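Each remark here refers to the structure printed beneath this line.
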């Protein structure tokens, strides 16, 4: 979790070492999202099915949200490096993440962190950590 000087949360990285655990815990989020935005909710289960194709080689899954004003200062990179160390210690072989291909800044960030595109679907890029 990323906090500012006022101890307010301004970002986070959620990680599940196992996609199946992520899906189970994310289901309540999906129900809330469905109430708020049916279009985004429609993509949720389909995206998870796409990720399952790369399981168990890339079992971990992450979700990141950082407020715009806290990006670009290296903090996100430090959070990711800390996460990579934990996953390495726990012998997790790889991470799979979904990224909207229209979010060019996010795509550049993940590429900088060592993720590679291995398939593109309309609007979504699937990445993995080698």
Expected sort for 7, 18 with the fewest Cβ neighbours (10 Å cutoff) up front is 7, 18
Give the order of 80, 1 when sorted by the count of other beta carbons within 10 angstrom, beginning with the fewest.
1, 80
Per 0.36 nm of contour for each residue apart, how much would the distance between residue 77 and residue 12 grow if the chain were fully extended, relative to their Cα-Cα spacing?
22.2 nm
How would you rank 107, 75, 99, going from fewest to most other Cβ atoms within 10 Å of each one's own Cβ?
75, 107, 99
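FYI, it's all coordinate maths here, none of it is from the lab. If you're wondering where the values come from, they're calculated on a predicted model, not measured in any experiment. Every residue, glycine as well, gets a Cβ built from its backbone with ideal geometry; the counts of neighbours run over all protein chains shown.
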